[in-house]
1. Cβ-Cβ distance below 7 Å, separation of 6 or more or different chains: which pairs start in the range 48-63 with a residue that is within 21 Å of GLU25 (Cβ to Cβ) and end on one that is part of a loop (DSSP other than H, G, I, E, B) and polar (S, T, N, Q)?
2. Go through the range 60-79 and give me each residue that's under 13 Å from the mean Cα position of the chain (by Cα) and among the β-branched types (Val, Ile, Thr).
3. What strands (runs of 3 or more DSSP E) completely inside the range 49-158 contain at least 1 residues that are polar (S, T, N, Q), touching a strand residue (DSSP E or B) at 6+ places or on another chain (Cβ under 6 Å) and surrounded by 17 or more Cβ atoms within 10 Å (Cβ to Cβ)?
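Any read-out appearing in this document is the output of simple, stated calculations on the displayed coordinates, not a laboratory observation. Computed from a prediction, not measured in an experiment: that's the story for all the values here. Backbone-built Cβ (ideal geometry, glycine too); neighbour counts: all protein chains shown.
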Amino acid sequence: MLGIAQELPSRSNVSASLSNNASYEVVLGLGSNHRRRHNLRAAMAGLEHILDMRQCSDIYVSRDVTGSGPAYFNIVVVATTLLSESSLERYLKQLETQQGRVQGRRAIVPLDVDVLLFTPSYSKVPVAVHRDLCTKAHILWPMFQLFPEGAHPDSGELYRQMLRSHAEKDHVQRLYSSSGNFDFLS
């Protein structure tokens, strides 16, 4: 089997998906509950082909929301891209499939990558906001780490305020520190 970087499109052959040379800031949530480090490491390698990485949260561990699977490792990544939102979503689904994700299978998830925020460079207002951004502690903790004074773009509620209502029931723990280094999964 080829490595993920060889099987997914490279920067040079995604030009058909570029959106008129506009750039976008993206905030992605990545999670895995099967071969967690391996799959997150492979995801980061695959994302480097289409993103200019800016920040990465520490790794947070959370329970499987269904209660039937192993615990998840979760990270949030801030980056820029030239891909449109739809092209980025297609690429992320390819990446998930490459790592063994089977849609509809909820207990074992090798890789889940969600666009949490998608913001054009010419605006401070996201054009896409993930529905779980204000309700899931495994997203809120790394968002709060990366954006300590950040607020939900629609409600204006601060991430730290949202954490107060979700932190207890979701049992999320910080596991590993990235220390600003993208190689911390090694």
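1. HIS49/SER10; CYS56/SER178; SER57/SER178; ASP58/SER177; ASP58/SER178
2. Residues satisfying the conditions are ILE75, VAL76, VAL77, VAL78.
3. Once the strands (runs of 3 or more DSSP E) in the range 49-158 are filtered for at least 1 residues that are polar (S, T, N, Q), touching a strand residue (DSSP E or B) at 6+ places or on another chain (Cβ under 6 Å) and surrounded by 17 or more Cβ atoms within 10 Å (Cβ to Cβ), what remains is 59-62, 72-81, 112-120.
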